[in-house]
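The values are calculated or read from the model by the stated rules, or taken from the named source; none is laboratory data. What you are looking at is a predicted structure, and each value in this text was computed from that prediction instead of being measured. Here the Cβ positions follow ideal geometry from the backbone for every residue, glycine too, while neighbour counts run over all protein chains shown.
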Amino acid sequence: MVTSQKFREVMGNFATGITVVTTRGGDGQTYGLTVNSFTSVSLEPILVLVCFDNRLSSLQHFKDSGKFGVSVLSDKQEDISRIFARKDSERPASLYFDGPAGQPLIKNCLAYLECETVAAYPGGDHQIFLGKVISGDVLDDKTGPVLYFRGKYQRLS
Ligand SMILES: Cc1cc2nc3c(=O)[nH]c(=O)nc-3n(C[C@H](O)[C@H](O)[C@H](O)COP(=O)(O)OP(=O)(O)OC[C@H]3O[C@@H](n4cnc5c(N)ncnc54)[C@H](O)[C@@H]3O)c2cc1C
């Protein structure tokens, strides 16, 4: 039997990059959160997934908009990760730019994708959003990523 504490401890050894996943709600507002459950799923068609906590206050906005953006954070953007992992943090409009498909994305990120949500599956206390990739690009291939490992932010060097 693995306790949730042991599970978290084990999974903490699996180093991940960090993304901010965003959407524009029907009210015109931008919603976003720090996400490390981002995974490449399929090449034909090109699909990715992200997992959202069922209690996320913006979950309905992600469902309703049917689209989301994924911004891969650089090692200079630990502060951005902290901002988007905190409830009620200030998120000025100057943090964002609009991607070619109209999704809000994080300025100065390493790379981004814009996706259409093609399915949302129940996954325990999370929802698994499957996204068909409709646009994407690398914006900075000189800077390294910010990593998350054993509950701490890390860099490659
Ligand atoms: C490195 C890192 C990676 C992360 N990856 C993911 C990820 O892959 N998927 C993901 O969903 N989150 C992830 N998070 C957490 C997520 O970023 C934050 O929970 C989110 O940014 C906060 O969203 P919000 O500001 O809109 O707050 P809200 O949506 O208002 O609330 C945020 C969180 O508060 C907690 N909460 C809300 N209501 C209750 C309640 N009634 N009882 C107890 N707790 C409650 C939940 O955890 C909820 O997700 C990650 C955080 C970090 C630091």
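Scanning the stretch 59-76 for residues that are within 11 Å of the ligand (Cβ to nearest atom) and over 20 Å from residue 138 (Cα atoms) yields 59, 60, 61, 62. Counting the residues of the stretch 66-81 that are surrounded by fewer than 18 Cβ atoms within 10 Å (Cβ to Cβ), touching a Ser or Thr at 6+ places or on another chain (Cβ under 8 Å) and part of a helix (DSSP H, G or I) gives 0. Residue selection: residue 72 satisfies the criterion of being among the β-branched types (Val, Ile, Thr) and touching a Pro at 6+ places or on another chain (Cβ under 8 Å). Listed conditions (1) more than 15 Å from the ligand (Cβ to nearest atom); (2) touching a strand residue (DSSP E or B) at 6+ places or on another chain (Cβ under 9 Å); (3) farther than 25 Å from residue 151 by Cβ are all met by residue 94, apart from (2). Checked against the criterion of being modelled with pLDDT of 95 or more and closer than 21 Å to residue 132 by Cβ, the candidates 46, 18 yield just one match: 46.
Highlighted here are the strands (runs of 3 or more DSSP E) found entirely within the stretch 25-65 that include at least 3 residues which are closer than 22 Å to residue 88 by Cα: 30-35, 47-53. Can you tell me which residue within the stretch 23-58, out of those that are under 25 Å from residue 150 (Cα atoms) and among the hydroxyl-bearing types (Ser, Thr, Tyr), is farthest from the ligand (Cβ to nearest atom)? Result: 40. Across the stretch 107-157, the qualifying residues are those that are among the hydroxyl-bearing types (Ser, Thr, Tyr) and part of a strand (DSSP E or B), and the one among them that is nearest to the ligand (Cβ to nearest atom) is 148.
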